[in-house]
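Here is the structure we will look at, set down as structure tokens.
Bear in mind these aren't lab numbers, they're just calculated from the coordinates by the rules spelled out. Treat the numbers as computed from the prediction; the structure is a model and nothing was measured. Reconstructed Cβ throughout: ideal geometry from the backbone, glycine too, with neighbour counts over all protein chains shown.
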Amino acid sequence: MSALEVTFVTADRTVWTGQASQVVVPAIDGSMGILPQMQPTLAILGDGVIRIHDLDGHVDERSVSGGFVSVDSDVVTIGVDDAEAQAPHADRI
């Protein structure tokens, strides 16, 4: 199974690092899904939620307001000024 190597950082800390099956980011022109073997991409992020789906099926959600995402050879780098954890939803398992 192919996986993404994800590094998600702010100016002063690492938010999330590890392998993921997919990542969804709020690009300035709309939501962008990132999967393994995607073409190299560089995008500017807008306001929204970043969702990282790890290999165990867990989803980490963080609110962001701007930043960037870089994708190259299944390596995903996300840089933002700040990232706030989303409250868990009662309807999610």
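Each residue of the range 43-57 was assigned a 3J(HN,Hα) from its phi angle through the Karplus curve 6.51 cos²θ - 1.76 cosθ + 1.60 (θ = phi - 60°); the sequence is 9, 8, 9, x, 7, x, 10, 8, 10, 10, 9, 6, 6, 8, x Hz, with glycine and proline shown as x. List residues of the range 11-36, by number, whose backbone nitrogen lies under 15 Å from a label position 7 Å along Cα→C-beta of residue 81. Hits in the range 11-36 for residue 81 at 15 Å: 11-12. Per-residue 3J(HN,Hα) values for the range 19-36, derived from phi via the Karplus relation 6.51 cos²θ - 1.76 cosθ + 1.60 with θ = phi - 60°, read 9, 9, 8, 7, 9, 10, 10, x, 5, 5, 9, x, 5, 10, x, 10, 10, x Hz in sequence order (x marks Gly and Pro).
By the Stokes-Einstein formula, at 1.306 mPa s and 10 °C, the chain with its Kirkwood radius over alpha-carbon pairs has D equal to 121 µm²/s.
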